[in-house]
Amino acid sequence: MKRILIIEDEPSLVLTLRDRLESEGYDVVAAADGATGEEKAAEGSFDVIILDLNLPGKNGLDVCRDLRGRGVETPVLMLTARGDVTDRVVGLKLGADDYLPKPFDMLELLARLEALYRRRPVSAKPGPDGQAAFGDVRVDFDGAVVTRGGEELELSALEWRLLRYLVDHPDRVLPRDLLLDEVWGYEATPVTRTVDVHVSSLRQKIEEKPSHPRHIVTVHGQGYKFVPGG
Ligand code: CA
């Protein structure tokens, strides 16, 4: 599920946005002022943020600048009532990714959000805390917990090793015999079909549509590729 944070002080707009975004499959969190929004943005793992420019207390430009300063790279769509080109330029300079003047068309907003969602930074490689994320999959390698869309998945020991190897080697072609060596090691039966079987079972668990995988893709005649941003 895509997680979105709405930082907006106009209750009726928040209500409208929440209804529509939830019906589009977003998990929505809202904040009504800049400071609260900034804290939520810094704490939560959101895929995208809608940020109003004119907010009580801390305004949207300051929130955006401070979030970037704190290393929060979540894509930001900035909203403003003003059609002022200066605000737009300043907003983009301060780290907003896109800009939409109010009043906006809901379909336009959804299209912008989709584009931002696709461009969101994906850090599939596990950090120092052993956590990795791609698509709606969250992996805690240290705690051996993997979820997809919030639902916990059961992986076999071999699937864990395979997933770890894939996550550690994103966006490159991994030939079957390399995977056999690296994941199966000495116990490997010299049958590359083994790789296909386990890739298939891992896809059944982590891919939304296992028959049309986005993350563990087949590179015909060469092997597999793990695509975190797929
Ligand atoms: Ca406002």
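Worth pointing out:
- Within the stretch 196-230, considering residues that are among the β-branched types (Val, Ile, Thr) and in contact (Cβ under 8 Å) with a residue 24 or more places away in the chain, the one nearest to Leu155 (Cα to Cα): Ile206
- Taken together, Gly57, Gly71, Gly25, Gly44 contain a single residue that is under 18 Å from Ala111 (Cβ atoms) and surrounded by fewer than 22 Cβ atoms within 10 Å (Cβ to Cβ), which is Gly25.
- Checklist (1) within 13 Å of Leu79 (Cβ to Cβ); (2) within 14 Å of the ligand (Cβ to nearest atom) applied to Ile49, failing item: (2)
- Flag: Lys205 does not match the condition of being under 12 Å from Leu163 (Cα atoms) and part of a strand (DSSP E or B).
- Once the stretch 143-163 is narrowed to residues that are touching a residue at least 24 places away in the same chain (Cβ under 8 Å) and within 21 Å of the chain's Cα centre (by Cα), the residue that is surrounded by the fewest Cβ atoms within 10 Å (Cβ to Cβ) is Gly150.
- For the stretch 56-87, a residue qualifies if it is within 26 Å of the chain's Cα centre (by Cα) and within 16 Å of the ligand (Cβ to nearest atom), and the qualifying residues are Asn59, Gly60, Leu61, Asp62, Val63, Cys64, Val76, Leu77, Met78, Leu79, Thr80.
- You will find that of Val139, Val217, the residue that is in a strand (DSSP E or B) and under 15 Å from the mean Cα position of the chain (by Cα) is Val139 and no other.
- Restricted to the stretch 1-120, the set of helices (runs of 4 or more DSSP H) holding at least 1 residues that are within 30 Å of Arg148 (Cα to Cα) and modelled with pLDDT of 90 or more comprises 11-23, 34-43, 60-69, 106-119.
- Test: residue in the stretch 19-29 that is farther than 22 Å from Arg119 by Cα and within 11 Å of the ligand (Cβ to nearest atom): no
The values are calculated or read from the model by the stated rules, or taken from the named source; none is laboratory data. Everything quoted here is computed from the prediction, not taken from an experiment. Every residue, glycine among them, receives a Cβ derived from its backbone with ideal geometry; neighbour counts consider all protein chains shown.
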